[in-house]
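Comments concern the structure below.
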Amino acid sequence: MSELGIGIVGLGWVAGAHIEALRAVNGARATAVCSRRELNEQDLQRQFGVPLRVYRDLDSMLKDPTIDVIDICTPHPLHPEQAIAAAKAGKHLIIEKPIAIDFESASAVRTAIREAGVQACVCFEVRFSQHALAIRSSLDQGLLGQLHYGEVDYYHGIGPWYGQFTWNIKRDFGGSSLLTAGCHALDLLLHFMDAEVEEVTSYSSRSKSAIFAPYEYDTTSVTLLKFKDGRLGKVASVVDCLQPYYFHIHLVGSEGSLLDNRFYSQRLKGLVKDRWSTLGTPLVDSGDVADHPYQPQFQSFVDSLANGEPMPWCNFDTAFESHRVVFAADRSARDGRAVKLLELV
């Protein structure tokens, strides 16, 4: 398979991280950008170290036969229309999360992708972090036994000091605390529990600090998950905290427990349960996209395209299910009731 050409739509903070990550991917490279801004190709090459053609509109980019993949890095509300257009043009997709800010739009993207027969990678890249890989490996080797409870929580104060604050505060851009940011935590919990969700109950609130007053939606939520096999989970999404970034993970199983990068397992002889052992792996401890593990995620996607199959972990259908749980949780918080996943089909 020849090297894939990737067209980047939108040229903000996240797009820059994608272009940098793609430089280290074998079998693909960023070849073009589409932006409403006036861009100079020579300036872009100096900035990113690769030649990039410039398009001012998506339709023109989609007509370029040398572009095989469209990478959508635009504001959230634009994702569905752009993804649908790209799928109809026969382009594979990389979609920054969220797929959409409402369930109906996400479903429309799913339909377009299925009808076009293209593949998509959705950027739940935390699954590819060294921390998540170490935990997944521990689970696969049975060190915790059968999980019956898990919680993954997202604490990241997204205030005026943070680049996305100006648009993240708007309901029709951010959507909810869980959708705009905490979805990474919820998706990782689903990855670890590896079971279908039956029902969610979610509650939301917000800080009294004037710093977060511009938000048009509640900035803290807690979601309780009941899985079809009876197991339980919890996700807190807190984007109005005044503290260092913290991605909390606590998994409890029949043979042991894991807390962030510490664990205890009855499967390992010589350990005592009143003392944690430590996984020698870096934590997920930054909201900076420059620190996100895009490169291994994109490499997995490119390798899967070469093999003509959906990528593991971050393929569209898997990511869609994570979004479906998010939308159910937001409906629960809004309506003040438990919501069954069967309500969103």
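How many of the residues in region 62-81 are in contact with a Gly (Cβ under 9 Å, 6 or more places away or on another chain) and charged (D, E, K, R)?
Number satisfying all stated conditions: 3.
Considering only strands (runs of 3 or more DSSP E) fully contained in region 1-80, which possess at least 2 residues that are under 25 Å from S304 (Cα atoms)?
Values: elements: 4-9, 28-34, 53-55, 69-72.
It comes to 4-9, 28-34, 69-72.
Can you run down the residue pairs with Cβ atoms below 6 Å, 6 or more apart or on separate chains, where the first is in region 1-25 and in the same structural domain as I70 (by TED's automatic domain parsing) and the partner is surrounded by fewer than 21 Cβ atoms within 10 Å (Cβ to Cβ) and at pLDDT below 95?
Note: pairs meeting the criteria are L11/S35; W13/G163; A17/A290; I19/F48.
Name the one entry in L305, L258, L251, L271 that is hydrophobic (A, V, I, L, M, F, W, C) and in a loop (DSSP other than H, G, I, E, B). Lay out the reasoning, then the answer.
Numbers: L305 fails: in a loop (DSSP other than H, G, I, E, B); L258 fails: in a loop (DSSP other than H, G, I, E, B); L251 fails: in a loop (DSSP other than H, G, I, E, B).
Going through L305, L258, L251, L271 in turn, just one is hydrophobic (A, V, I, L, M, F, W, C) and in a loop (DSSP other than H, G, I, E, B): L271.
Tally time: how many residues in region 74-121 are touching a Cys at 6+ places or on another chain (Cβ under 7 Å) and charged (D, E, K, R)?
2
Would you mind stating whether D285 is more than 30 Å from I113 (Cβ to Cβ), touching a Pro at 6+ places or on another chain (Cβ under 9 Å) and part of a loop (DSSP other than H, G, I, E, B)? Give the steps one after another, and end with the answer.
Numbers: more than 30 Å from I113 (Cβ to Cβ): yes; touching a Pro at 6+ places or on another chain (Cβ under 9 Å): yes; part of a loop (DSSP other than H, G, I, E, B): yes.
Spelling it out, D285 is indeed more than 30 Å from I113 (Cβ to Cβ), touching a Pro at 6+ places or on another chain (Cβ under 9 Å) and part of a loop (DSSP other than H, G, I, E, B).
Does R324 count as among the basic types (K, R) and either outside any loop (DSSP other than H, G, I, E, B) or surrounded by 20 or more Cβ atoms within 10 Å (Cβ to Cβ) (or both)?
Working: among the basic types (K, R): yes; either outside any loop (DSSP other than H, G, I, E, B) or surrounded by 20 or more Cβ atoms within 10 Å (Cβ to Cβ) (or both): yes.
Here the answer is yes, as R324 does meet what is asked.
If you check every pair at least six apart or on different chains, which have Cβ atoms under 8 Å apart with a residue in region 131-147 that is closer than 15 Å to T281 by Cα first and a residue that is of a type in the set (V, I, T) and modelled with pLDDT under 95 second?
Listed pairs, sorted by first residue: H131/T281; H131/V284; A132/V284; L133/T281; A134/T281.
Test G253 against the stated conditions and say whether it is assigned by TED's automatic domain parsing to the domain that holds V339, of a type outside the set (D, E, K, R) and surrounded by fewer than 17 Cβ atoms within 10 Å (Cβ to Cβ).
No.
Of everything in region 318-345, what is acidic (D, E) and touching a residue at least 60 places away in the same chain (Cβ under 8 Å)? Give them in sequence order. Spell out how you get there, then give the answer.
Step one: of region 318-345, the residues acidic (D, E) are 321, 330, 335, 343.
Answer for region 318-345, where residues must be acidic (D, E) and touching a residue at least 60 places away in the same chain (Cβ under 8 Å): E321, D330.
Looking at A108, A100, A89, can you tell me which residue is over 25 Å from A328 (Cβ atoms) and in contact (Cβ under 8 Å) with a residue 12 or more places away in the chain?
On the way: A108 fails: over 25 Å from A328 (Cβ atoms); A100 fails: over 25 Å from A328 (Cβ atoms).
Result: A89 is the single residue among A108, A100, A89 that is over 25 Å from A328 (Cβ atoms) and in contact (Cβ under 8 Å) with a residue 12 or more places away in the chain.
Report, by residue number, each residue of region 297-333 that is over 18 Å from A100 (Cα atoms) and among the charged types (D, E, K, R).
D303, E309
So which of P51, P80, P75, P98 is farther than 17 Å from S322 by Cβ and under 17 Å from the mean Cα position of the chain (by Cα)? Please lay out each step first, then the result.
Values: P51 fails: under 17 Å from the mean Cα position of the chain (by Cα); P80 fails: farther than 17 Å from S322 by Cβ; P98 fails: farther than 17 Å from S322 by Cβ.
Criteria check complete, one pass: P75.
Just to check your reading of the model, which residue among V152, V197 is farther than 25 Å from D285 by Cβ and of a type in the set (A, V, I, L, M)? Break it down stepwise before answering.
Numbers: V152 fails: farther than 25 Å from D285 by Cβ.
Just one listed residue meets the conditions, V197.
For region 114-125, how many residues are assigned to a helix (DSSP H, G or I) and either surrounded by fewer than 23 Cβ atoms within 10 Å (Cβ to Cβ) or among the hydroxyl-bearing types (S, T, Y) (or both)?
Of the residues in region 114-125, the ones assigned to a helix (DSSP H, G or I) are 114-116, 125.
Now restrict to residues that are either surrounded by fewer than 23 Cβ atoms within 10 Å (Cβ to Cβ) or among the hydroxyl-bearing types (S, T, Y) (or both): 114-116.
So the count comes out to 3.
The values are calculated or read from the model by the stated rules, or taken from the named source; none is laboratory data. Because the structure is predicted, anything quoted here is derived from the model rather than measured. Using ideal geometry, Cβ is built from the backbone for each residue, glycine included, and neighbour counts are taken over all protein chains shown.
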